[in-house]
Amino acid sequence: MVSLYSLKYWYTRRLGVIIQASVRRGISPDVWTAVGVIAAALGCGALVMGWWILAFILLAARLGGANLDGAVARARGVSRPFGFVLNEIGDRLSDLFIMAGLVGLALRTGSSTTTVYLTLIALATATLPTFISLAAAGAGAARLNGGPFGKTERCLAAVVGAALPQYLSIIAWVIIVGSAA
C-alpha cells in the first residue's frame, strides 16, 4: 500500500544540507529527536488554537526532526541501541502531542461530547500501529514503517482538523479506521 511515508526519502534529500552540517559540527542525533518533540509540543498548541498554517509548519518540523535523527546517526556512524529507544520515545511523545492537540481543539471549539470522545479514541488508536510493529520487532519480526496511516498521515489529518474543525468527528474516524487498518 502506498502512503505518504514514501515521501520520506524525498524529504531526506531536501534535508541533506542539515545532515551534512550536523556531521561537520558533530551534532548529536538526539538533538534532532528533541527538536522533533519540541516542534510537536508547539504544534499541539497551534492545533488547539486552530492555527493550521502554524501547525503545518511545526508538524513539518516534527517530521523533519524525526527524519534527521536517524539520518544524522547513520551519516555520523553513531547508531546505537539507546538511540533507537530514544527515537521511539520521541516519536510516541510527538504522536501523543499531536493527537492531544485535536482533543484540545474539540474541547476549545465546543464540539459535541461524541466528537471529544472520538478524538480521545483517535489519540489511543494512533499509537497502536507503532506499538504493534515494535512488539513484533522485539519478537524477531521485521520492523514495519509507514502503513496506510502512519505519522505523516496523522500530521496531515491534524492540520486538516485545525483548518476545518467542523469536520473533527469525520477526521477522528479517519484516524481511528486508518490506524486500526
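Key figures for this structure:
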{"read-out": "The chain: angle of helix 29-49 to the longest principal axis, Cα-based, in degrees nearest 10", "value": "10"}
{"read-out": "Between 0 and 90°, nearest 10: helix 16-25 axis offset from the chain longest Cα axis", "value": "50"}
{"read-out": "Å² of accessible area per residue within segment 1-123, as computed with a 1.4 Å probe and no ligands counted", "value": "52"}
{"read-out": "Principal-axis tilt of helix 81-108 within the chain, Cα atoms, nearest 10 degrees", "value": "20"}
{"read-out": "With all protein chains modelled, accessible area of ARG74 [1.4 Å, Å²]", "value": "150"}
{"read-out": "Rounded percent of accessible protein surface that carbon and sulfur make up, the chain, 1.4 Å probe", "value": "73"}
{"read-out": "Segment 54-95-segment 14-41 distance, computed between alpha-carbon centres (Å)", "value": "8"}
{"read-out": "Area accessible to solvent at VAL160, 1.4 Å probe radius, in Å²", "value": "60"}
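The values are calculated or read from the model by the stated rules, or taken from the named source; none is laboratory data. Not measured: the values here are computed from a predicted model. Accessible surface is based on the protein model in full, side chains and every heavy atom, while ligands, DNA and RNA are left aside. Shrake-Rupley method; radii C 1.70, N 1.55, O 1.52, S 1.80 Å.
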